[in-house]
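These notes concern the structure reproduced below.
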Amino acid sequence: MGWKINKIRNAEMPSDTSSIAQLIQEMVDQQRSKVLKVARELVVDATPEDIRNPQDFPELSTDALFNYEDGILTGYLSMQTALRSQERNESNGLE
């Protein structure tokens, strides 16, 4: 397994922030779908709005798998926000 880690470390990272932003958006979209799928296993008629407010559904807010997948989504969204902030700062000459 060590060679995989080294291969990843040595991989060339994209320098174009638009390609990174696109990749993050794809990750967010995929994870949103996954969170909604898990939610619908617990609350059959759950909507995308419902997963943004899981505290309204005890079945969601107390489920370990839902909270795990939702936490991953939250991390991706935080990464997306940080990248957008960095891009904005760079375009304004701030660093």
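Each value in this text was obtained by applying a stated rule to the coordinates, not by laboratory testing. Just so it is clear, the structure is predicted and the values come from calculations on it, not from any experiment.
Descriptive notes on the structure:
- Dividing the convex hull volume of the alpha carbon atoms of the stretch 17-91 by its residue count gives 81 Å³ per residue.
- If the chain linking residue 25 and residue 79 were pulled fully straight, counting 0.36 nm for each residue of separation and taking away their Cα-Cα distance, it would gain 18.4 nm.
- Note, ³J(HN,Hα) from phi for the stretch 78-89, Karplus 6.51, -1.76, 1.60, rounded to Hz, x at Gly and Pro: 5, 4, 4, 5, 5, 5, 4, 5, 4, 4, 5, 4
- Whole-Hz couplings from phi, Karplus 6.51/-1.76/1.60, listed for the stretch 47-57; x for Gly and Pro: 10, x, 5, 4, 6, 7, 10, x, 5, 7, 10
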